[in-house]
Amino acid sequence: MDRLHHAGAASGNDRVPTREAEAVPGAEPLTPTAPRPAGRTVSTQDWRDVTFLHWAVDPARVAPLLPAGTVPDVHDGCTYVGLIPFRMHRVGLLGAPGLPYLGSFAETNVRLYSVDGDGRRGVVFRSLDAERLLPVLAGRWAAGLPYAWSRMRIARAGAVLTYTSRRRGPGPRSRVVVRVGGALPEVDPLARFLTARWGLHRPGRDGPVFWPNEHGEWPLHRAELLDLEESLLTAAGLDPATGPPDSVLFSPGVAARFGPPVPVRPAPAPSRRGRSPRGRRRRSGP
């Protein structure tokens, strides 16, 4: 069932403590720029008008959804589920110039946070909805990512952005409305944890892989969630909330590039001392 979250959701990270992350043992430090080169360029892409909505969840509840060899990454004892609508702009391959039409489209992804045995922190995509069929097919068949073809639109009226998505055929949908606020004067530890991700983990033919990326530091803004109607999270095997997200952020965007994927060394099994999402009113997780 669709869930409708009204005005009054968190703006920035006001509702969440900002202590340093309780890191998974061996996880590399969180850095504003990539800790290592991504290697030769496999793909270039600009991410624009990015809204980050996040809900805190118990790591044990999402661990079964991660690829083999990875464990949930944690901040203050919790991991997070993200719903991120944005505009993909001029995707290019192998260093070629970005495509102006086929390479530019609206996208919304549902993601989790992961770390592998080499300490590399990444994201795991549970779903990626996009409005162009060719990138959807390429993403599914060439990159092995769970892309879905959707009708999508991004509209802006002053500081208010509205993102809509409806998967083709009977399927999930989302509508996100945010008001963008001022730039964050300082990026707090939680905002860094949620955005400073230098690759993605995914299953591969010969085992899990880490696909590295690099880009400039995210220019982050506060944002206020005005309205949210969505069923993408449930379709991705998650059901994190009946209330508002725990973090709402916005960025005008960054230019990114991906290098070739590399094998994953399995992470050690996590300890079971993760705490519940700080006594929130609701149960969260899949």
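The values are calculated or read from the model by the stated rules, or taken from the named source; none is laboratory data. Remember, it's a predicted structure, so these values are computed and weren't measured experimentally. A quick note on method: Cβ atoms are made from the backbone with ideal geometry, for glycine too, and the neighbour counts reach across all protein chains shown.
One line per residue, one yes/no per condition, for (1) modelled with pLDDT of 95 or more; (2) in contact with an Asp or Glu (Cβ under 9 Å, 6 or more places away or on another chain); (3) in a strand (DSSP E or B); (4) over 23 Å from Gly204 (Cβ atoms):
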| residue | (1), (2), (3), (4) |
| --- | --- |
| Arg87 | yes, yes, yes, yes |
| Val91 | no, yes, yes, no |
| Leu99 | no, no, no, yes |
| Val110 | yes, yes, yes, no |
The correct count of residues that are part of a loop (DSSP other than H, G, I, E, B) and surrounded by fewer than 17 Cβ atoms within 10 Å (Cβ to Cβ) in region 112-145 is 5
Restricting the first residue to region 57-68 and requiring it to be touching a residue at least 40 places away in the same chain (Cβ under 8 Å) and assigned to a loop (DSSP other than H, G, I, E, B), which pairs with a second residue that is surrounded by 19 or more Cβ atoms within 10 Å (Cβ to Cβ) and polar (S, T, N, Q) meet a Cβ separation below 8 Å and a spacing of at least six or different chains?
-> Asp58/Thr79; Asp58/Ser284; Leu66/Ser114; Pro67/Ser114
Do you know which of the residues in region 211-233 that are in a loop (DSSP other than H, G, I, E, B) and small (Gly, Ala, Ser) is surrounded by the most Cβ atoms within 10 Å (Cβ to Cβ)?
-> Ser231
Restricting attention to region 157-183, which residues are within 19 Å of the chain's Cα centre (by Cα) and part of a loop (DSSP other than H, G, I, E, B)?
-> Pro172
Are there any pairs with C-beta distances below 6 angstrom linking a residue in region 188-210 that is assigned to a strand (DSSP E or B) and crowded, with 21+ Cβ neighbours inside 10 Å to a residue that is at pLDDT 95 or above and among the hydroxyl-bearing types (Ser, Thr, Tyr), with the two at least 6 apart or on different chains, and if so which?
-> His201/Thr70; His201/Ser114
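For (1) under 24 Å from Asp76 (Cβ atoms); (2) at pLDDT 95 or above; (3) of a type in the set (A, V, I, L, M, F, W, C), each residue gets a yes or a no:
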| site | (1), (2), (3) |
| --- | --- |
| Phe210 | no, yes, yes |
| Glu214 | no, yes, no |
| Glu230 | no, no, no |
| Ala241 | yes, no, yes |
Kindly provide the set of residues from region 61-70 that are surrounded by fewer than 23 Cβ atoms within 10 Å (Cβ to Cβ) and either of a type outside the set (A, V, I, L, M, F, W, C) or in contact with a strand residue (DSSP E or B) (Cβ under 8 Å, 6 or more places away or on another chain) (or both), ordered by number.
-> Arg61, Ala63, Pro64, Leu65, Pro67, Gly69
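Each row is one residue, and each column tells you yes or no for (1) touching a residue at least 12 places away in the same chain (Cβ under 8 Å); (2) of a type in the set (Val, Ile, Thr).
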| position | (1), (2) |
| --- | --- |
| Val124 | yes, yes |
| Glu131 | yes, no |
| Trp141 | no, no |
| Tyr147 | yes, no |
| Arg151 | yes, no |
| Gly158 | no, no |
| Arg168 | yes, no |
